[in-house]
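**Q** Attaching a single structure in structure tokens format; questions to follow.
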Amino acid sequence: EGQFSEASAARERAILIYIREDDTEALRRLAADPRYANSIPPLAHMQIAAAERDWWAVWWLIPRNEWERFALGSAALALFAGLCWFLFALQAGQVNLPRGARWWLCPLAVLLGMLSIWPTHLLISWQEVHWGLVPSDELPGGLRYYVLGVGLREEFSKLLLLLPLIPLLVRRDNELETLIVSACVGLGFAIIENEHYFAATFGSSTIGRFLTANFFHMSTTGLIGLSVLRGLRDPRVRGPEALAFFGVMVMAHGLYDAAIAIPALQEYSIASSIIYILLAYQFF
């Protein structure tokens with residue numbers, strides 16, 4: 001059907017099927033066909049570039065892909081939830097007090113957290129090509145994917161975008177400020193991630209993610225940022241502790257997702273709630 005000049009919908013559908021099936025050879029063939037030139041989305045070009053290990057091309061295709069998948073309604077929902085948690089962060093950070101968090105660092109941290117989705121997407125492609133990390137319903141493969149894949153890349157990317165703020169946080173050496181500003185980086189990441197989920201599920205995941213996703217990312221990133229501050233304060237004693245704590249957060253993140261998503265762990269899904277409660281307890 002895609003051979004006919006007016007059958008643009010058929011060509012788009014064929015491309016989406018090949019993307020879903022991860023058929024890079026088919027995508028490469030269609031990308032070279034003039035009839036498909038206007039139908040190839042950035043995501044398909046990303047898959048082709050990743051298969052060719054052209055990571056620089058993948059890097060610059062990520063914002064194009066983000067813009068193409070942007071949905072105004074989903075973004076509005078995600079921003080509304082993010083605003084509620086941002087107000088909580090300002091209150092918890094006591095921004096109106098001299099020893100509270102500097103208020104202007106909080107919105108800056110949220111923006112940096114939003115940008116952390118960029119290296120996250122690069123790592124998704126890199127891990128798939130080099131480590132073979134893809135979603136799996138099997139217990140060993142699923143645990144490997146969610147811990148070494150999802151948990152590691154998301155926590156690493158958020159920490160990476162937190163680093164520009166670390167000198168400012170170290171200078172004042174205020175643990176409350178470090179916790180809250182780091183949490184705001186996690187909030188920025190959660191806002192973008194929520195927009196993706198809301199668009200993909202047509203809003204059906206809204207309630208669950210309103211209640212859990214924002215604070216989950218805030219707590220993991222906030223606690224990692226605090227451990228980094230303590231590690232820099234006393235590198236010999238607390239430095240290894242900060243590294244170990246980062247590993248614990250990666251493990252907690254991965255197991256939280258695995259307990260929800262892997263069929264073999266469905267009867268133990270209460271574990272995700274326990275992890276969430278423990279994170280909240282540690283954060284507060």
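The values are calculated or read from the model by the stated rules, or taken from the named source; none is laboratory data. Nothing here was measured: the structure is a model prediction, and the numbers come from that model. Cβ atoms come from the backbone with ideal geometry, glycine included; neighbour counts cover every protein chain shown. Only protein heavy atoms, including side chains, enter the accessible area calculation; ligands, DNA and RNA are left aside. Shrake-Rupley method; radii C 1.70, N 1.55, O 1.52, S 1.80 Å.
**Q** Out of curiosity, is Arg20 more than 16 Å from Glu128 (Cα to Cα), of a type in the set (D, E, K, R) and free of Cβ contacts under 8 Å to residues at least 60 places away in the same chain?
**A** The answer is no for Arg20.
**Q** Sticking with this structure for a sec: If you scan the range 230-274, which residues turn out to be hydroxyl-bearing (Ser, Thr, Tyr) and open to solvent by 40 Å² or more (accessible area, probe 1.4 Å)?
**A** Tyr268, Ser269, Ser273
**Q** Please state which of the following conditions Phe202 fails to meet, knowing it meets all the rest: (1) open to solvent by 40 Å² or more (accessible area, probe 1.4 Å); (2) outside any loop (DSSP other than H, G, I, E, B); (3) at pLDDT below 95.
**A** (2)
**Q** Grab the helices (runs of 4 or more DSSP H) fully contained in the range 89-194, keeping just those with 3 or more residues being in contact (Cβ under 8 Å) with a residue 40 or more places away in the chain and under 19 Å from Ala252 (Cβ atoms).
**A** It comes to 139-144, 152-162.
**Q** Right, something else. Of all residues in the range 1-36, count the ones that are open to solvent by 60 Å² or more (accessible area, probe 1.4 Å) and small (Gly, Ala, Ser).
**A** Summing the residues that are open to solvent by 60 Å² or more (accessible area, probe 1.4 Å) and small (Gly, Ala, Ser) in the range 1-36 gives 3.
**Q** Looking at (1) farther than 20 Å from Ser157 by Cβ; (2) among the hydrophobic types (A, V, I, L, M, F, W, C); (3) touching a Gly at 6+ places or on another chain (Cβ under 8 Å); (4) at pLDDT 95 or above, which is the only condition Ile262 fails?
**A** Result: Ile262 passes all but (4).
**Q** What's the number of the condition Glu195 fails, among (1) modelled with pLDDT under 95; (2) surrounded by fewer than 19 Cβ atoms within 10 Å (Cβ to Cβ)?
**A** Only one criterion is unmet by Glu195, namely (2).
Table: residues versus (1) surrounded by fewer than 19 Cβ atoms within 10 Å (Cβ to Cβ); (2) of a type in the set (Val, Ile, Thr); (3) closer than 30 Å to Gly100 by Cβ; (4) under 19 Å from the mean Cα position of the chain (by Cα).
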residue	(1), (2), (3), (4)
Ser125	no, no, no, yes
Leu148	yes, no, no, yes
Ser157	no, no, yes, yes
Asn174	yes, no, yes, no
Ala183	no, no, yes, yes
Ala190	no, no, yes, yes
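**Q** May I pose another question? Any residue at all in the range 39-50 that is open to solvent by 80 Å² or more (accessible area, probe 1.4 Å) and either at pLDDT 90 or above or over 16 Å from Leu123 (Cβ atoms) (or both)?
**A** no
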